[in-house]
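Since the structure comes first, as structure tokens, the remarks are kept for the end.
Every number in this text was worked out from the coordinates using simple rules, so none of it is lab data. Note that the coordinates shown come from a computational prediction; the quantities given were computed from them, not determined experimentally. Cβ placement follows ideal geometry from the backbone for every residue including glycine, while neighbour counts extend to all protein chains displayed.
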Amino acid sequence: MKYDPSDIEPRWQAFWDEQQTFTVKEDHEKPKYYILDMFPYPSAAGLHVGHPLGYFASDIVARYKRMQGFNVLHPMGWDAFGLPAEQYAIQTGAHPAKTTAENIKNFKKQIKRLGFSYDWSREINTTDKEYYKWTQWLFIQLYKKGLAYEAEVPVNWCPELGTVLANEEVINGKSERGGHPVFRMPMLQWMLRITDYAESLLEGLDNLEWPEHIKELQRNWIGRSEGADVDFPVISSDEVITVFTTRPDTLFGATYMVLAPEH
């Protein structure tokens, strides 16, 4: 029998939709398994090859776990706010609300045609008021608890894009998107006291059934270090320069010290 994808695949995809094959229902008799892909930015007219590259792998795991008897939650959504959506709207000359809605529609169509086993009843769009009202609520709770605060900190400022960029978005002093100049400057920012929870976050990693190298990446990201603050007196001054080190026993070999320009 000749395999005709233009006939067979749409037929089965329609069947999955009609029967809600991948819609997850509560089932306390089955063990749970949660598989979450990174939500794509709907900041282009359609998917690029990097999107399905990761989705194929996670979908294989989702189907495998269902066959093993797990109640698998495998949702999909759209990380639709922010710089990528704004830049696409600027390039096309259309309002971001319009381009984002159009892109999401096409992204979803393409993803469905690829046959992934997502539970579309749990689809999330970060520009949906019913979604972001809860991120606003969560921030308010953090603020009330004293965990959100304002501080002037050095940031990567891109005048052309009109926004602050993460370190990962800056390559050789220029923005990843557009190649615009980026400048390091102090700016008032909202901060979260994540370090207050460093110890509990580290302890929680021991209970996760993750590969050890992934847990090690998380430990490095949390960044808790044990060491000492060492004061270096400045010659002909009452000032001192405080330096943190995890190896104070090696300080006898120190020959010089480098300070950042913004220090």
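Give a quick list of trypsin sites (Lys or Arg not before Pro) in region 1-57 that DSSP marks as loop, anything other than H, G, I, E or B, with at most 13 other Cβ atoms within 10 Å.
Values: sites: Lys2, Arg11, Lys25, Lys32; in loops: Lys2, Lys25.
Taking region 1-57 and a limit of 13 other Cβ atoms within 10 Å, the loop trypsin sites (Lys or Arg not before Pro) found are Lys2, Lys25.
Around Val155, which amide H atoms from residues at least 5 apart in sequence, or from another chain, sit under 5 Å from its own amide H, with H modelled in the peptide plane?
Met185, Met187
Gln141 versus Phe183, label points 7 Å from Cα toward the beta carbon: distance in nm?
4.0
With the dipole of the chain worked out from charges on the C-beta (+1 for Lys and Arg, -1 for Asp and Glu) around the Cα centre, which of Thr135, Pro40, Trp190 lies farthest toward the positive end?
Farthest along the dipole direction, towards plus: Pro40.
Just how far, in whole angstrom, is region 150-167 from region 7-21 if you go by their alpha carbon centroids?
Each part's Cα centre sits 46 Å from the other's.
So what are the ³J(HN,Hα) numbers for region 205-219, from phi and the Karplus equation (6.51, -1.76, 1.60; θ = phi - 60°), rounded to whole Hz, Gly and Pro as x?
Karplus values, whole Hz, x for Gly and Pro: 4, 5, 8, 8, 8, 10, x, 4, 5, 6, 5, 5, 4, 5, 4.
Can you work out the Karplus-derived ³J(HN,Hα) for every residue in region 236-247? Use 6.51 cos²θ - 1.76 cosθ + 1.60 with θ = phi - 60°, whole Hz, and x for glycine or proline.
6, 7, 8, 6, 10, 10, 8, 10, 8, 9, 8, 10
Between Leu205 and Ala151, what length comes free when the chain is fully extended (0.36 nm per residue of separation minus the Cα-Cα distance, one decimal in nm)?
Working: separation 54, 0.36 × 54 = 19.44 nm, distance 2.94 nm.
Between Leu205 and Ala151, full extension yields 16.5 nm more.
Residue by residue, what Karplus-based ³J(HN,Hα) values in Hz, rounded to whole numbers, does region 165-175 have, using 6.51, -1.76 and 1.60 with θ = phi - 60° and x for Gly and Pro?
10, 6, 4, 5, 9, 10, 10, 6, x, 10, 5
Over the chain, calculate the relative contact order: mean separation of alpha carbon pairs under 8 Å at least 6 apart, over the residue count, as a percent.
Working: 271 pairs, mean separation 34.1, N = 263.
Rounded, it is 13 percent for the chain.
As a quick test, which of the pairs Lys30/Lys65; Lys30/Lys109; Lys98/Lys133; Lys105/Lys129; Lys25/Lys112 have an alpha carbon distance above 23 angstrom in this structure? Walk me through the numbers before you get to the answer.
Details: Lys30/Lys65 11 Å; Lys30/Lys109 31 Å; Lys98/Lys133 21 Å; Lys105/Lys129 18 Å; Lys25/Lys112 21 Å.
Listed pairs above 23 Å: Lys30/Lys109.
Region 1-58: which chymotrypsin sites (Phe, Trp or Tyr not before Pro) are DSSP loop and have at most 14 other beta-carbon atoms within 10 angstrom? Working shown, then result.
Numbers: sites: Tyr3, Trp12, Phe15, Trp16, Phe22, Tyr33, Tyr34, Tyr55, Phe56; in loops: Tyr3, Phe22.
When the chymotrypsin sites (Phe, Trp or Tyr not before Pro) of region 1-58 are filtered for loop state and at most 14 Cβ neighbours within 10 Å, Tyr3 remain.
If you stretched the chain out fully between Ala101 and Arg193, how much longer would it get, using 0.36 nm times the residue separation minus the C-alpha to C-alpha distance? Don't skip to the answer; put the middle values down first.
Working: separation 92, 0.36 × 92 = 33.12 nm, distance 3.48 nm.
Once the chain is fully extended between Ala101 and Arg193, it gains 29.6 nm.
Note down the nm distance, to one decimal, between modelled labels 7 Å out along Cα→Cβ at Val230 and at Thr163.
Distance between the two pseudo-spin positions: 4.2 nm.
Alpha carbon centre of region 183-251 versus region 61-116: separation in Å?
The distance from the Cα centre of region 183-251 to that of region 61-116 comes to 35 Å.
For the chain, what does -39500 (n - 2.57) per DSSP helix run (n ≥ 4), summed and divided by total residues, give at 222 nm, in deg cm²/dmol to the nearest 500?
Numbers: 7 runs with 96 residues, N = 263.
That comes out to -11500 deg cm²/dmol.
Taking H placed 1.01 Å from N in the peptide plane, check which residues at least 5 places from Phe232 or on another chain put their amide H under 5 Å from its amide H.
Ile241, Thr242, Val243
Kindly provide log₁₀ I(q)/I(0) values, in the same order as q = 0.10, 0.15, 0.16, 0.17 Å⁻¹, from the Debye equation applied to equal alpha-carbon scatterers of the chain.
So the normalised log intensities are -0.80, -1.44, -1.52, -1.58.
How big is Rg to Rh over region 200-263, alpha-carbon atoms, Rh as the Kirkwood inverse-mean-distance radius? The partial results should precede the final answer.
Numbers: Rg = 17.5 Å, Rh = 15.0 Å.
When Rh is taken as the Kirkwood radius, the ratio is 1.16.
Would you kindly state the longest site-free stretch of the chain, with sites defined as GluC sites (Glu not before Pro) in a DSSP loop (not H, G, I, E, B) surrounded by at most 16 other Cβ atoms within 10 Å? Could you put the intermediate results ahead of the total?
Numbers: sites that count: Glu26, Glu29, Glu123, Glu160, Glu176, Glu209, Glu226, Glu239, Glu262.
The answer is 30-122.
Using amide H atoms built 1.01 Å from N in the peptide plane, name the residues 5+ places from Ile124, or on other chains, whose amide H lies under 5 Å from its own.
Result for Ile124 returns Met76, Gly77, Trp78.
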